[in-house]
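K.L.:
Dropping the structure in here first, questions after.
All of the numbers you see were taken from the coordinates with simple rules; none came from a lab. None of these values were measured; they are calculated from a predicted model. Cβ coordinates were reconstructed from backbone atoms using ideal geometry, including for glycine residues, and neighbour counts include every protein chain displayed.
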Amino acid sequence: MNKFLFILFFFIVACCFYSCYDESNTYGENLVDTSFRNISTDTSTVIVSSSMIDSLETSGKGVALVGRYTHSLWGTVSSTAYIPYSTPSLTSDADETLVLDSLIFVLKYNNYSIGDTTKYQYFSLHRILQKVVLNDYGYLYNNASFAYDPEAFVSFRFRPKDNAEDNKIEVRLPDAMGNDLLTRLHNNDQMVSSDHFEEYFKGFALVPSQTNCNALFSFAVDDTAASIIIRYHVAGELKVPKECVISPNTSNEFYHIDHDRSGTLLNGLPYKNVEVSSENLGNRGMLFGGIGWFTRLKFPYLNNILNQGKRVSIESAYLKIYPEVGTYSAFNALPDSIFLYITDENNVVTSSVKDYLGSEVQGGTLVKDETFAENTYYSFDVTTFMQEELGTFGMYKHNLQLVFNEDEYTKTFRNLTVSDQKGKSPIVLQLIYKVYGSY
């Protein structure tokens, strides 16, 4: 009997506790979330536009970009390198007779190219007619140029070899130039002194053939690469080979770019100070090294998700950039990395999208699909940016700039074609966000 009374007493107490709970009670509502939903979407609007860097500095980069390349969408780019030279030094006895063996122009391939490198490409050297001088700011840009003799001084062809160590080119120059240089240097002629050498010899323009060049190459420019070598010996002795190296003026060397946009969607558009909507480029945006194009990304409707609940928080955000199939190939390889910078309403860069440590600019991870090219993309974690952007408006809103690093712009012709959400390979913003019904 006592056991039965104990069980009955416990049951009555439990019922009392249950009947005291009020489902309409709001106490603690501000402290604990009572309802929420996790939502995943990949249909957020991304507005795409393209702009061109006002001036691209190409002097003193240690490279000579030379050649021609025609992109399937963006026209033909061609590059001519201007290489002035520093005053050489030759030590000899006045009573010696120096005999020229050869005069050589030396080029060293940098193992970077764009275009069909399986075929020979043709180039020519032209004597520069004006002294190459830097502008008032101490630079030369990709649109700078100096007059050179239209008649080729010497021509040659080049095709990269599989063995990188064999990709050194030696071009024989006319003996007349070699004898004149050797004689003047031996006699300490005033014309080849440090005060006058660049007036006597203003350098070479390395020019691609307009008809027999369909690839662009990077050649090194340093003390020994792109140099001129006088090979000689002293008469009447054992023929001991000697050399006098005329090194490039590595501060003043630069390359000039021409861009033929006829027949493309770029034709008729200004070259500078313009932002081109993707709608005017066939629903595309682009990045292009050498000529300086980059892409802007805007997210005008991000705040719309705030209408879905009393409180909304972004849990994660990933941006996937898909290169347009057909705009890259083995001869026009995709860049290894691209980068995102943050800009204000005036398109002034204020920060960058950092890596997971928050210390370095995040380089988009290239995910290659060798089977289905459509699934090749660059991935960015933009969670922090989107979290900070959510709820901002007007002058407080920010955009993203999709760019290469400086070396890609000034030392290569890397390019990337992307699409807006109406294009062939749409950019995708993947959002996972939490919507709270009350808080």
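K.L.:
Using the 10 angstrom Cβ neighbour count as an exposure proxy, how do HIS259, HIS233 rank, fewest first?
P.N.:
Numbers: HIS259 22, HIS233 16.
Listing HIS259, HIS233 from fewest to most nearby Cβ atoms yields HIS233, HIS259.
K.L.:
If you rank MET177, MET286, MET191 by fewest surrounding Cβ atoms within 10 Å, what's the result?
P.N.:
On the way: MET177 17, MET286 25, MET191 12.
Going from least to most buried by this count: MET191, MET177, MET286.
K.L.:
Expected output is a single nm value to one decimal: the length gained when fully extending between ALA330 and LYS168, i.e. 0.36 nm times separation in residues minus the C-alpha distance. What is it?
P.N.:
Numbers: separation 162, 0.36 × 162 = 58.32 nm, distance 2.29 nm.
Taking ALA330 through LYS168 to full extension adds about 56.0 nm, to one decimal.
K.L.:
Multiply the residue separation of GLN387 and LEU129 by 0.36 nm, subtract the distance between their alpha-carbon atoms, and state the gained length in nm to one decimal. Intermediate values should be presented prior to the final figure.
P.N.:
Numbers: separation 258, 0.36 × 258 = 92.88 nm, distance 5.78 nm.
That pair, GLN387 and LEU129, stretches by 87.1 nm at full extension.
K.L.:
Work out the length of the dipole vector of the chain about its Cα centre, built from +1 on the beta-carbon of each Lys and Arg and -1 on the beta-carbon of each Asp and Glu, and round it to the nearest 20 debye. Spell out each step's value before the answer.
P.N.:
Numbers: 34 positive and 51 negative charges, 271 e Å.
The calculation lands at about 1300 debye.
K.L.:
For LYS397, list the lysines whose Cα falls under 17 Å from its own Cα; do not include residues on the same chain fewer than 8 positions away.
P.N.:
Within the straight-line limit of under 17 Å, LYS397 reaches these lysines: LYS298.
K.L.:
Output the 0 to 90 degree angle, nearest 10, between the alpha-carbon long axis of helix 175-186 and the longest principal axis computed from the alpha carbons of the chain.
P.N.:
Approximately 80 degrees, to the nearest ten.
K.L.:
Would you calculate the convex hull of the Cα atoms in the chain and tell me its volume per residue in Å³? Let's see the in-between values first.
P.N.:
Working: hull volume 104.5 nm³, N = 439.
It is 238 Å³ per residue.
K.L.:
Pulled fully out, how much extra length does the chain show between LYS242 and THR350, if you take 0.36 nm times their separation in residues and subtract their Cα-Cα distance?
P.N.:
On the way: separation 108, 0.36 × 108 = 38.88 nm, distance 5.60 nm.
Net length gain for the segment: 33.3 nm.
K.L.:
Give the residue from ASN38, ALA220, GLN210 lying farthest towards the positive end of the charge dipole for the chain; charges sit on Cβ (+1 for Lys and Arg, -1 for Asp and Glu) and the dipole is referred to the Cα centre.
P.N.:
ASN38
K.L.:
OK, next. Identify all lysines with a Cα-Cα distance to LYS202 below 30 Å; exclude those on the same chain that are fewer than 8 residues away in sequence.
P.N.:
LYS61, LYS108, LYS131, LYS168, LYS242, LYS411
K.L.:
Let me ask something else. Under a cut-off of 15 Å between alpha-carbon atoms, report the aspartates and glutamates in cross-link reach of LYS119, not counting same-chain residues fewer than 8 places apart.
P.N.:
Once the sequence-local aspartates and glutamates are set aside, what remains near LYS119 is ASP162.
K.L.:
What percentages, rounded to whole numbers, describe P(r) for region 63-259 computed over all alpha carbon pairs with 10 Å bin width beginning at zero?
P.N.:
It works out to 9, 34, 33, 18, 6, 1, 0, in whole percents.
K.L.:
If I take every Cα pair under 8 Å that is 6 or more residues apart in region 341-394, average their sequence separation and divide by the length, what percent do I get for the relative contact order? Spell out each step's value before the answer.
P.N.:
Numbers: 48 pairs, mean separation 11.6, N = 54.
This gives 21 percent for region 341-394.
K.L.:
What's the FRET efficiency of GLU199 with ASP54 using the Cβ-Cβ distance as r and R₀ = 56 Å, to the nearest 0.05? Each step should come with its number before you reach the end.
P.N.:
Working: r = 33 Å, r/R0 = 0.58.
About 0.95, to the nearest 0.05.
K.L.:
With unit charges on the beta carbons (Lys and Arg positive, Asp and Glu negative) and the dipole taken about the Cα centre of the chain, which residue among ASN273, LEU173, LEU129 sits farthest to the positive side?
P.N.:
Positive-end residue among those listed: ASN273.
K.L.:
Mean separation of Cα pairs under 8 Å and 6+ residues apart, divided by the residue count of region 151-309: what relative contact order is that in percent? Walk me through the numbers before you get to the answer.
P.N.:
Details: 78 pairs, mean separation 15.1, N = 159.
After rounding, I find 10 percent.
K.L.:
Another question, then. Mind listing the phi-derived Karplus ³J(HN,Hα) values for region 87-104, rounded to whole Hz, using 6.51, -1.76 and 1.60 with θ = phi - 60°, and x for any glycine or proline?
P.N.:
Rounded to whole hertz, the list is 5, x, 10, 10, 9, 7, 7, 4, 8, 7, 10, 9, 10, 6, 9, 5, 10, 10.
K.L.:
Okay, moving on. Which value, in debye to the nearest 20, describes the size of the charge dipole of region 63-259 about its Cα centre when Lys and Arg Cβ atoms bear +1, Asp and Glu Cβ atoms bear -1, and nothing else is charged? Numbers along the way, then the final one.
P.N.:
Values: 15 positive and 24 negative charges, 159 e Å.
About 760 debye.
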